[in-house]
Amino acid sequence: MIVPTQIDVQGGSIVAMLHISTAPLQRNPIIVMCYGYNGTMCEVHRMSVKMARQCESFGLHMFRFDYRDHAHSIGDTTSITMQRKIDDVLSVVEFINCCFRDKPPIYLVGFSDGARIVAEVSNFVNNPLGLIYWNPVFSMARQTTPKHSEKDKSIIRDLKKILLSKNYMA
């Protein structure tokens, strides 16, 4: 199921799509897709739409959106800054937490330059269960391996299958 959404933030609007999985899991995780410099909630070759469908089939919800003043969100593109994108992601996380009775596990996925945004947002958000840097435009100075429960490992395996499959890239 796809729920079109609009989040009002500081005089602007974030246009979004929330893909809700019908697969029965105790607390379905939510994937928040954060895009890079010119990225949109559809992305090239509709890859985000295809990824969202794959996530749904694995029992994962997905939230894809356009930053304020970009793509489907109305406004002046000259006002887009990195800080504004970070504020938008923080607003998305707050919105998600308000939509669900129990705060759902959230994974932040940063595609391309969106990886920088995800890295910054992680400093301000209390409940991201994981950060995924997908084709980041920066190199990681050191890589740490966090300890994950078996359930977390299962979700991460499912995300890897989705990201590595060619079903949504064609």
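Here are a few things to note about the model shown:
- Residues in the range 13-32 that are part of a loop (DSSP other than H, G, I, E, B) and at pLDDT 85 or above were compared, and the one that is surrounded by the most Cβ atoms within 10 Å (Cβ to Cβ) is P29.
- Residue list for the range 85-125, restricted to those being assigned to a loop (DSSP other than H, G, I, E, B) and either of a type outside the set (G, A, S) or touching a residue at least 40 places away in the same chain (Cβ under 8 Å) (or both): F100, R101, D102, K103, P104, P105, S112, D113, N123, F124, V125
- Unmet requirement for F63, which otherwise passes all of (1) assigned to a strand (DSSP E or B); (2) among the hydrophobic types (A, V, I, L, M, F, W, C); (3) open to solvent by 10 Å² or more (accessible area, probe 1.4 Å); (4) at pLDDT 85 or above: (3)
- Residue in the range 70-90 that is at pLDDT below 70, loosely packed, with under 14 Cβ neighbours inside 10 Å, of a type outside the set (V, I, T) and under 19 Å from I14 (Cα atoms) present: yes
The values are calculated or read from the model by the stated rules, or taken from the named source; none is laboratory data. Bear in mind the structure is a predicted one, so any value in this text is a computation, not a measurement. A quick note on method: Cβ atoms are made from the backbone with ideal geometry, for glycine too, and the neighbour counts reach across all protein chains shown. SASA here: full protein model, heavy atoms, side chains in, ligands and nucleic acids out. Shrake-Rupley method; radii C 1.70, N 1.55, O 1.52, S 1.80 Å.
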